Amino acid sequence: MSIQKKLRTGVERQNARETFANGISSNIKKGVLYVGGLGSAIENGEYSFGDGMFHLRNILQPPTIFEVASVANHLKADYLSVSRYSAYLKFEIALLPDDFRDDPNLALDAAFHLSCLLKLIKAHNLFCPAGSSVSWDLVSVAQKNSVDFMLLDDFPRRIEFVNSDVPMLDSNDLKWAESYFENGRVLRNKESSGRFGLAFNLYYSWNHTQDMRIALSNLWIGLEALFGKKKDRPVKRMLVERICDWLPSEDARSIGDLYEKRCDAVHGRKMNGQEMGKILMRTHDIFRASLMCTVTVLT
């Protein structure tokens, strides 16, 4: 193929992308911030959430590196890193209220809170690398130098659950997150204790590493934040008892064995890699169940 023909084909492809974006622009809700996500998708394509606070939708035409660079506000260098992820984004969380415009940190915290609930309920590989001031589907038709991109999660190498398909967040998953959104906010904002807040934050980021020892340590920091007490003696027995009291389906011996593996990991003792993977997933399941139970009973 000649250079001229390649250029013509490229221009035609870009024109087609812009035509598509213009065609769907009227159907996209106007928001203050659009957080792009990987590792999951919305089963029915979109979902309105929280009395107009959020609108979740699948991204139909994720922007290319060229498109991000062309429309980015170049005074903010985040676009250079964001462009590494943009073409792979699967869905977006649009934050709609104008109140968020006056407080960007509030918007980011609300998006993080929802993202963590979605990761908790099903999307265990969920990862939100970037935010945009316009819908990701409309980047291709934005004005030059007009879009503010922000880098959020930037951990390209992380531990992931092995799934054959991207998990779809269905209406039940999304309704669960909506039902317990405020419970989670209340628990995170408790002035009397930062236990839940620390555990909740760690659930979102526990796998943002390739080192399984560090990941396992993160999970146990979360469990100990939920169930540990400063004066516990002996630490192991008291911790195991509380976890089993909170999760009646678990038994003390199993949890105790996992705690011993936690000690092996944090003290650098030799561990089998395959065994470590199984321990990691089992500990994850206990941590996840503990958080979900906490959110649903608002303790």
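The values are calculated or read from the model by the stated rules, or taken from the named source; none is laboratory data. As the structure is a computational prediction, the values presented were derived from the model and not from experiment. Quick reminder, even Gly has a Cβ in these numbers, built from the backbone with ideal geometry, and neighbours come from all protein chains shown.
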| task | With the condition kept exactly as written, say whether any residue in region 193-206 is polar (S, T, N, Q), assigned to a loop (DSSP other than H, G, I, E, B) and farther than 24 Å from H124 by Cα. | result | yes
| message | I'm told D245 meets every condition in (1) without any contact (Cβ under 8 Å) to a residue 12 or more places away in the chain; (2) surrounded by 15 or more Cβ atoms within 10 Å (Cβ to Cβ); (3) within 26 Å of L117 (Cα to Cα) except one. Can you identify the failing condition by its number? | response | (2)
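Yes/no matrix, rows are residues, columns are (1) under 30 Å from V162 (Cα atoms); (2) of a type outside the set (V, I, T); (3) not assigned by TED's automatic domain parsing to the domain that holds F100:
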site: V11; (1), (2), (3): no, no, yes
site: E18; (1), (2), (3): no, yes, yes
site: L38; (1), (2), (3): yes, yes, no
site: S48; (1), (2), (3): yes, yes, no
site: H55; (1), (2), (3): yes, yes, no
| said: Quick check on region 126-137. Is at least one of its residues surrounded by 19 or more Cβ atoms within 10 Å (Cβ to Cβ) and among the charged types (D, E, K, R)? | reply: yes
| For region 24-44, what are the residues that are farther than 20 Å from F127 by Cα and charged (D, E, K, R)? | K29, K30
| task | Return the only residue of R262, R233, R288 being modelled with pLDDT of 95 or more and out of contact with any strand residue (DSSP E or B) (no Cβ under 9 Å at 6 or more places or on another chain). | result | R288
| Selection from region 90-108 of residues that are surrounded by fewer than 12 Cβ atoms within 10 Å (Cβ to Cβ) and without any contact (Cβ under 8 Å) to a residue 24 or more places away in the chain | D102, N105
